[in-house]
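Following: one structure in structure tokens, then a few remarks.
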Amino acid sequence: MFSLAGQKALIVGIANDQSIAYGCARAMRQMGADIAVTYLNEKAERFVRPIAEELEAEIFMPLDVSRPGELEALYAEIGSKWGRLDTLLHSIAFCPKEDLHGRVVDCSSEGFGLAMDISVHSFLRMIRLAEPLMHEGGTCMTVSFYGSEKVVEHYNVMGPVKAALESVVRYAAAEMGPKGISVHALSPGPLKTRAASGIAEFDDLLNAAAARAPTHMLATIDDVGAYAAFLASREAFNVTGGVHPIDGGYSIVG
């Protein structure tokens with residue numbers, strides 16, 4: 001029904017084959033997009049490289065958004081090799097463990113600032129660098145969670161951080177819209193990913209979510225990938241600024 005043939009997509013946040021970013025990259029590749037993949041550091045490279053090879057990634061580069069110059073180097077390579085960018089997927093988040101596992105009111109200034117910088121401001125930086133490469137419009141996506149709007153036990157300070165990320169999506173969508181660039185937040189329910197495993201008692205959260213969802217099923221990375229691929233298509237050009245639940249109805253149940 002739609003195709004991404006010839007499109008150029010940057011995927012940031014693949015850690016392994018359980019990652020939401022991997023599900024999105026795989027779906028986009030299956031729909032014909034050319035893929036650029038990043039990895040966090042040398043330790044992560046050995047896990048991500050086989051995935052990049054499976055995806056036939058044309059660009060494979062390190063990216064730690066906290067290290068000056070790495071993001072700019074990545075976009076310079078995209079500009080040099082591709083000359084344009086059609087889709088950006090930002091699927092990274094971080095909070096120091098001691099702040100993540102404590103009360104929100106006890107979160108340190110340093111931990112809160114770091115969580116906001118890596119989880120939220122990095123998306124703004126990526127959009128800003130993508131803008132001149134999206135000559136004919138494009139799509140920018142990030143990943144959020146229901147804990148942004150409701151209190152989810154053990155999600156703690158990442159709730160306010162994701163709330164800020166969703167607000168950024170709305171403002172960026174308003175600013176980028178005249179250039180034909182859409183901005184979205186994908187909001188799957190709880191998923192068993194490496195990043196999520198850092199949340200205390202996460203297995204209990206998964207079980208409770210499956211019981212609560214109308215479908216009684218958790219979302220999969222394939223579910224998220226299919227939705228992301230559609231949003232990246234030209235058929236979705238007039239959709240922007242939304243937070244898209246992909247959660248079996250988990251978020252509609254009180």
Next item on the list: Quick one: compute the contact order of region 199-252, relative version, from alpha carbon pairs under 8 angstrom and 6+ residues apart, as a percent.
Entry: 45
Checklist line | Choice from Gly189, Gly23, Gly32 with maximal GNM fluctuation in the chain (Cα, 10 Å cutoff) | finding: Gly32
Next item on the list: Counting helices only, and only those DSSP H runs with n ≥ 4, report the 222 nm mean residue ellipticity of the chain as the sum of -39,500 (n - 2.57) divided by its residues, in deg cm²/dmol to the nearest 500.
Entry: -11500 deg cm²/dmol
Margin query: Give me the net charge for the shell around Asp86: Cβ to Cβ below 12 angstrom, other residues only, Lys and Arg +1, Asp and Glu -1.
Written below: +1
Notebook entry, point to check: What percent do you get for the relative contact order of region 8-244 when only Cα pairs under 8 Å and 6+ apart count?
Noted result: 22
Next item on the list: With a cut-off of at most 11 other beta carbons within 10 Å, and DSSP calling the residue loop, which chymotrypsin sites (Phe, Trp or Tyr not before Pro) in region 10-70 qualify? Please list them.
Entry: none
Next item on the list: Could you check which residue among Pro96, Pro188, Pro62 shows the biggest mean-square fluctuation in a GNM of the chain with a 10 Å Cα cutoff?
Entry: Pro96
Margin query: What do you get for GluC sites (Glu not before Pro) in region 25-57 restricted to DSSP loop and a cutoff of at most 12 other Cβ within 10 Å of the site's Cβ?
Written below: Glu56
Notebook entry, point to check: Mind checking which lysines have their C-alpha under 25 Å from Lys179, skipping anything on the same chain fewer than 8 residues away?
Noted result: Lys8, Lys81
Notebook entry, point to check: Can you tell which of Lys43, Lys150, Lys162 shows the greatest fluctuation in a Gaussian network model of the chain with Cα springs below 10 Å?
Noted result: Lys43
Next item on the list: Give me the distance between the Cα centres of region 202-232 and region 74-142, rounded to whole Å.
Entry: 23
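Every number here is computed from the coordinates shown, using simple stated rules; none is lab data. Only a predicted model underlies this, so the values are computations on that prediction, with no experimental measurement involved. Cβ coordinates were reconstructed from backbone atoms using ideal geometry, including for glycine residues, and neighbour counts include every protein chain displayed.
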